[in-house]
Amino acid sequence: MNKDRALKKAIALARAPELHQQRMDALLARIKQRLPELEKLLVKIEDQWGEEDGVYRLYHQSYKVFGLQKFVKTAQLATKEDNRVGQGFESRRTKSHC
């Protein structure tokens, strides 16, 4: 996200704190709804080969760090919004990784 766009977003949230609170409440509700699934994912991530190995490989700039993507994508899907608000992030993420 460029600086101007980030600044505009910060200003918009400052002017409408209720919008920010609504988004945070919605995220918390999705997390609570999918808590069992997220707890199972946490067990997998906390495994030595999930978290420790991934951090080690990231630090040493190994291409094998891409193995962590499955954990990140699973967590993202578990907390993803079901409406158009989440689509902006997804499209920016996709464009930046193409």
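Read-outs: derived from the displayed coordinates by stated rules, not from any lab. Please read these numbers as outputs of a predicted model, since none were measured by experiment. Don't worry about glycine lacking a Cβ; one is built from the backbone with ideal geometry, like all the others, and counts go over all protein chains shown.
For the listed residue pairs K40/K73; K9/K73; K44/K64; K40/K64, the alpha carbons are over 20 angstrom apart in K9/K73; K40/K64. Oblate is the label for the stretch 1-76. Its Cα gyration tensor axes, ordered a ≥ b ≥ c, give a/c of at least 1.5 and b/c at or above a/b.
Report the calculated FRET efficiency for L42 and K80 (r = Cβ-Cβ distance, R0 = 25 Å), to the nearest 0.05. So, using R0 = 25 Å, E works out to roughly 0.90. Subtracting the Cα-Cα distance of K9 and R23 from 0.36 nm times their residue separation leaves 3.7 nm of extension gain.
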